[in-house]
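Step one of this worksheet: look at the structure below.
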Amino acid sequence: MFHDAIHHQCMKKKISIALLLTIGALGFRFWLALGFPNDTPGDTVGYAWLAKNTLKHQVYSKDEDEPLQPTYYRVPGYPLFLLLVYAAFGEDNQRMARIVQSGLDTLSCWLVALLVLAWSPPAWEEKRRQRAMFIALGLMACCPFTAIYTAVVLTEVLVTMLMLGCALSATRAHLSATPKPKFLWWLAAGVAAGAATMVRPDAGLFAAGVGVWLVVLGVQASFRQWRTEKSLSLKVQTTGENRTQQSAALEQSGSAAATPQLPAASLSCNQAPHDLTKRTALQRFAQMIYSGAIFSVGFALMLTPWTIRNARVFGVFQPLAPASANMPDEFVPQGYNDWLRTWVDREAYTEKVDWPLGQKRITVKMMPAYAFDSQEEKARVAALLERYNHPPQASQATTMGESSTANQQHSSAQTTTPASPNQPASPSSRKEKKVSAAPHKAKQSEDPRAAASSAAAINDANDNDHDNDDDDSDAPDEEEEEEEAPQSQPATVMMTPEIDAGFAQIASERKARHPFRYYVITPLKRARYLWFSTHSEYYPFAGELDEEFDTEIHQQFWLPLFLGILWLYTLLAMAGAVVLCGTPKTRRWLLLVALLVVPRFAFLTTMPNPEPRYVVEFFPLTLALCAIALAAVRWRRRTP
């Protein structure tokens, strides 16, 4: 009776802690979602239009005006999530979308806690395992890097939850000893991975990681089973040979009658390996194939409707979305993207030279010195950008305007400066991905004036080489403001196949000159920026430490604090990885974490538009390792 009362009291305490942490996590997310709503990302607008057009017109289209043209430039997972929210709470109700995301992110906190409970070393007592679970729940509840995305209508919250669901299902499937639960868990893992891929295509790398993990563990188990059976067979064979030699010796000595009778179990020792092992190596391998097939079926089920729709509407096999988020009739400047990939290593340059492509002017003054290997290369880039900034059609219009102005000046004998029609549009905070740059059509012919403008650009670049070299790392604010000042007319710019081919040639030359820089140094710089940025995006004090602090929003306090929290998470996660390496049974979980993180992170380091928000899905796995590290510490109470 006394023990029952103690057990009941402990259960009440654990339930109270779980409720407090859950309410705290949900309240923190509600506060962020409702107190700091953010609708500035361009992706938010695109997702909203896809959802509204599908809801109202049953057409999956991004167009704002009729006629609506169907598209497949985005996978439908997140627009369908918004469609459900709009259908239930009203069209374009972003507030409710944020509230629902707050609930989903709170669910992610519990998924991390359950992962830690399953991944804790088997040698730990139950109390210690539960402590690790509550530590994980608390860390996720107050993590500022993941919680802020409840305030933004983007895919991060949904992808994170589905990725964790996939990892937890795969973990439970691996631990299941009976066929039916194993079947259901692997099916759930495949469905979660497929759903995550339908929200964001690069989440397919999570599914690939789980698949590789399944194969590695299956092959390892089969090999261990084969090695065990082989050792047992050798032992039985050796025992039989020894007994045969003993019998022969006794017969020769005439003592055959005294030969002891072997027990029946010894006579059937050749069957021992099959009696001691329930599954042979071949059976274990077949089990791996079966589990992989179930996982693949669940994954394929989520992709099939979208693939069939694209085949019926467009006549193409497109199970995901185009890498450049474009339609077949849209021109994609792959050469320009390849050139950016040779040097862009942070989001600040993406905002200047990638997102504005096709909308605003771009100049070499916006780029750092390491974007060019020589002055000659810089001049070539300046010439190509001059042609982009002043396409032939705009040059003709400008020439006509100048001629008219000259006639007016001559008649009135006054000197005036004609307004240039080629001014950039007002700066926007677009986060739209990335390289499609609107449907640029192939240009049929080049105007002779383009060559003249290119030559002028080369001369200007050479004249300003010394000035730019001194200031490239931090381009003057005055020049950027002059370039991006809002005007009554948007800039007339055009990226043509000829200009794109010029950038492709420069990119190819840069790769050939410095392959180690392209394949190793620049990706490592992107990796450092992606992980060790402040991750303060979408907070009111968003910024980086290498920028001048805005004291009015207290960046000098918040940004170092966020970076310190990041370093604390990183060091604790490394300690948690060491704990999991301690026993063979927990190394499999560390392998799962590595296969979920490393392939996708490596992929992100090859992209020409590195954005820290792309790695936010890694923080729950990082916090899981942190919780294991903290639970591994033995806290000793001081006795008086």
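Filter the stretch 53-81 down to the residues that are within 22 Å of S102 (Cβ to Cβ) and in contact with an Asp or Glu (Cβ under 7 Å, 6 or more places away or on another chain) and list them by number.
Here is the first cut: in the stretch 53-81, the ones within 22 Å of S102 (Cβ to Cβ) are 77-81.
Answer for the stretch 53-81, where residues must be within 22 Å of S102 (Cβ to Cβ) and in contact with an Asp or Glu (Cβ under 7 Å, 6 or more places away or on another chain): there is none.
When the residues of the stretch 367-388 are filtered to those that are of a type in the set (A, V, I, L, M) and in a helix (DSSP H, G or I), the one that is surrounded by the fewest Cβ atoms within 10 Å (Cβ to Cβ) is A369.
Scanning the stretch 161-185 for residues that are in a helix (DSSP H, G or I) and farther than 19 Å from V116 by Cα gives P179, K180, P181, K182, F183, L184.
Residue by residue, here is whether (1) at pLDDT below 95; (2) farther than 30 Å from Y149 by Cα; (3) open to solvent by 60 Å² or more (accessible area, probe 1.4 Å) holds:
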residue: D471; (1), (2), (3): yes, yes, yes
residue: E484; (1), (2), (3): yes, no, no
residue: Q489; (1), (2), (3): yes, yes, yes
residue: T496; (1), (2), (3): yes, yes, no
residue: A507; (1), (2), (3): no, yes, no
residue: A542; (1), (2), (3): yes, no, no
residue: E548; (1), (2), (3): yes, no, yes
residue: E552; (1), (2), (3): yes, no, yes
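Looking at L111, L154, can you tell me which residue is in a loop (DSSP other than H, G, I, E, B), in contact with a Pro (Cβ under 8 Å, 6 or more places away or on another chain) and of a type outside the set (S, T, Y)? Before the answer, list the steps.
Values: L111 fails: in a loop (DSSP other than H, G, I, E, B).
L154 is the lone residue from the list that is in a loop (DSSP other than H, G, I, E, B), in contact with a Pro (Cβ under 8 Å, 6 or more places away or on another chain) and of a type outside the set (S, T, Y).
When you check V344 against the structure, is it more than 30 Å from R380 (Cβ to Cβ) and either in contact (Cβ under 8 Å) with a residue 24 or more places away in the chain or touching a strand residue (DSSP E or B) at 6+ places or on another chain (Cβ under 7 Å) (or both), yes or no? Here the answer is no, as V344 does not meet what is asked.
Among T534, T606, T622, which is the only one that is open to solvent by 60 Å² or more (accessible area, probe 1.4 Å), under 23 Å from L154 (Cβ atoms) and not hydrophobic (A, V, I, L, M, F, W, C)?
Going through T534, T606, T622 in turn, the sole match is T606.
Which is touching a helix residue (DSSP H, G or I) at 6+ places or on another chain (Cβ under 8 Å) and over 27 Å from F28 (Cα atoms), of P121, P144?
Values: P144 fails: over 27 Å from F28 (Cα atoms).
It is P121.
Within the stretch 292-319, restricting attention to residues that are hydrophobic (A, V, I, L, M, F, W, C) and not in a helix (DSSP H, G or I), which residue is surrounded by the fewest Cβ atoms within 10 Å (Cβ to Cβ)?
So the first thing to find is which residues in the stretch 292-319 are hydrophobic (A, V, I, L, M, F, W, C), and the list is 293-295, 297, 299-303, 306, 308, 311, 313-314, 316-317.
Checking which are not in a helix (DSSP H, G or I) leaves us with 316-317.
Numbers: V316: 11, F317: 8.
Step by step, filter the stretch 292-319, then rank; the result is F317.
Within the stretch 205-225, the set of residues being modelled with pLDDT under 95, open to solvent by 50 Å² or more (accessible area, probe 1.4 Å) and closer than 17 Å to S169 by Cα comprises V215 only.
Taking (1) open to solvent by 30 Å² or more (accessible area, probe 1.4 Å); (2) in contact with a Leu (Cβ under 9 Å, 6 or more places away or on another chain) in turn, W589 satisfies each apart from (1). Being at pLDDT 95 or above and touching a Ser or Thr at 6+ places or on another chain (Cβ under 7 Å) holds for only one residue in L566, L559, L524, and it is L559.
Among the residues of the stretch 320-365, those that are on the phi < 0 side of the Ramachandran plot, outside any helix (DSSP H, G or I) and among the small types (G, A, S) comprise A321, A323, S324.
Just checking, which of T54, T71, T44 is surrounded by 15 or more Cβ atoms within 10 Å (Cβ to Cβ), within 27 Å of the chain's Cα centre (by Cα) and over 21 Å from L158 (Cα atoms)? Before the answer, list the steps.
Details: T54 fails: over 21 Å from L158 (Cα atoms); T44 fails: over 21 Å from L158 (Cα atoms).
Answer to the selection: T71.
The values are calculated or read from the model by the stated rules, or taken from the named source; none is laboratory data. Keep in mind that what you see is a predicted model, and the values were worked out from it rather than measured. Using ideal geometry, Cβ is built from the backbone for each residue, glycine included, and neighbour counts are taken over all protein chains shown. Please note that ligands, DNA and RNA were not included when accessible areas were found on the heavy atoms of the full protein model with its side chains. Shrake-Rupley method; radii C 1.70, N 1.55, O 1.52, S 1.80 Å.
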